[in-house]
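Shown next, in structure tokens, is the structure this report addresses.
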């Protein structure tokens, strides 16, 4: 892959001249102060949430008084203090059955579309990423409403939310998504933070129908494993990327020891990759030091960066990825979303 000097120097790929954008940032709500969100803190996740809170500087941890406000304020603080131009803030629909009815008993997290729109209205660097299960009885109405309000993309977790994207009944939904120019950011590969109800839907192969309908699909995590014993669907991602020009991958949160083999392959062929953090998931620098991608001095420098959003940007550069991974998302978003964002920044 040949990267022109213009792309490297400007950080753009013939696009809108905008700076780095994070495609994958989570909003978390506990449901105590607003009906717009809800979460279940499973006991197995408590030590990991405590560690994540320390790593992102979240005073009071994942819970307690005023969690919703504290979480968003901390995220916005990191965003404002980073070199990012923007971040896509993600909603999270319920797990739903085949008729589209919510299954709260199977859900660990819910973030409404209204919540991400409200956050984006308050903070101009946040772009709303909505979540709509296509089996919902009101799926089309909600899709149109969200598009009208300036949604940047649609986010789904097929293995978690029980969405078999290849079901033929969803074809009209995917076609409309393509007509609206909204990308689909879909989880692929292993999952640890929330329960999977359909482990058979972890492969990028479950995204063939939306791709064939013309949707720009971003395979979150590129089908890689989350834990050593997870199934690894990375090879399937590579094969499908060769077949579908509208398939992209995101680099969230590819920095940990389980990702090194996949990262090495992606460094060799970084076509159609997008910068993402999966915040509040944090980045690990030491594995890249073990591979020889960063020096000992660079290891110390990167680990000294408190801002987790900025740390991931600088780590991705140190790993050898081209500058266009930080900005290519702008070319995939709906034109009116990009124009509106530019207008807000000027004014």
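Looking across the stretch 164-186 at every residue that is more than 15 Å from the chain's Cα centre (by Cα) and in contact (Cβ under 8 Å) with a residue 60 or more places away in the chain, the one that is farthest from residue 145 (Cα to Cα) is identified as 181. Among the residues of the stretch 146-164, how many are outside any loop (DSSP other than H, G, I, E, B) and within 18 Å of residue 219 (Cβ to Cβ)? Residues meeting the conditions: 8.
Yes or no: residue 67 modelled with pLDDT under 85 and surrounded by 13 or more Cβ atoms within 10 Å (Cβ to Cβ)? The answer is no for residue 67. Kindly indicate whether residue 143 is out of contact with any helix residue (DSSP H, G or I) (no Cβ under 6 Å at 6 or more places or on another chain), surrounded by 23 or more Cβ atoms within 10 Å (Cβ to Cβ) and either touching a residue at least 40 places away in the same chain (Cβ under 8 Å) or assigned to a helix (DSSP H, G or I) (or both). Against the criterion (out of contact with any helix residue (DSSP H, G or I) (no Cβ under 6 Å at 6 or more places or on another chain), surrounded by 23 or more Cβ atoms within 10 Å (Cβ to Cβ) and either touching a residue at least 40 places away in the same chain (Cβ under 8 Å) or assigned to a helix (DSSP H, G or I) (or both)), residue 143 does not qualify. All of 323, 331 fail the test of being surrounded by 18 or more Cβ atoms within 10 Å (Cβ to Cβ) and modelled with pLDDT of 95 or more, apart from 323. Scanning the stretch 50-76 for residues that are over 19 Å from residue 309 (Cβ atoms) and within 20 Å of the chain's Cα centre (by Cα) returns a single hit, 68.
Among all positions in the stretch 26-34, there is at least one residue which is closer than 28 Å to residue 323 by Cα and modelled with pLDDT of 90 or more. Hey, among the residues in the stretch 279-309 that are over 16 Å from the mean Cα position of the chain (by Cα) and in contact (Cβ under 8 Å) with a residue 40 or more places away in the chain, which one's nearest to residue 85 (Cα to Cα)? Looking at the filtered set, the residue picked out is 307.
The values are calculated or read from the model by the stated rules, or taken from the named source; none is laboratory data. Being a predicted model, the structure only gives us computed values, none of them experimental. Positions of Cβ are generated from backbone atoms using ideal geometry, with glycine treated the same way; all protein chains shown enter the neighbour counts.
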